[in-house]
Amino acid sequence: MQDIPLSPKDAAWPLLEAAGRALPSFADRPAFIGWGLKDFVFDRHFLERFRADLPQAEVHAFEDAGHYVLEDRHEVLVPAIRRFLDAHPLGRHD
């Protein structure tokens with residue numbers, strides 16, 4: 001997304017709504033979520049929605065990370081992502 005829709009007045013709002021409706025359809029697939037709890041837009045409310053829609057997801061949430069969580073907590077996330085991908089190779093849906 002080139003802009004972050006904050007209300008129905010924003011051009012990308014329909015895309016955000018469509019993505020939200022589609023999210024539960026991925027619940028049967030392995031998912032990895034890295035989340036910065038200091039994100040000023042995608043806050044805890046969004047994370048809770050992801051957790052509800054993807055209940056089997058491996059979640060790594062960080063109190064001290066913001067929107068660019070991979071930059072803020074790369075030392076934890078990069079090895080965790082590698083382990084996750086090793087456990088769930090692309091194309092394989094357990």
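One table, with the values for the structure above:
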{"quantity": "Scope the stretch 34-67; condition touching an Asp or Glu at 6+ places or on another chain (Cβ under 9 Å) and either exposed (fewer than 12 other Cβ atoms within 10 Å of the Cβ) or over 21 Å from Pro5 (Cα atoms) (or both); matching residues", "calculated": "Gln56, Phe62, Asp64, Ala65"}
{"quantity": "Within the stretch 22-43, tally of residues that are at pLDDT 95 or above and more than 18 Å from Phe84 (Cβ to Cβ)", "calculated": "6"}
{"quantity": "Number of the condition not met by Arg21 [criteria: (1) more than 26 Å from Asp3 (Cβ to Cβ); (2) loosely packed, with under 12 Cβ neighbours inside 10 Å]", "calculated": "(1)"}
{"quantity": "When residues of the stretch 1-55 are limited to those that are assigned to a helix (DSSP H, G or I) and in contact with a Lys or Arg (Cβ under 9 Å, 6 or more places away or on another chain), the one nearest to Pro79 (Cα to Cα)", "calculated": "Leu23"}
{"quantity": "The stretch 68-94, subset basic (Lys, Arg) and at pLDDT 95 or above, residue surrounded by the most Cβ atoms within 10 Å (Cβ to Cβ)", "calculated": "Arg73"}
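The values are calculated or read from the model by the stated rules, or taken from the named source; none is laboratory data. Bear in mind the structure is a predicted one, so any value in this text is a computation, not a measurement. Positions of Cβ are backbone-derived with ideal geometry, glycine not excepted, and every protein chain shown enters the neighbour counts.
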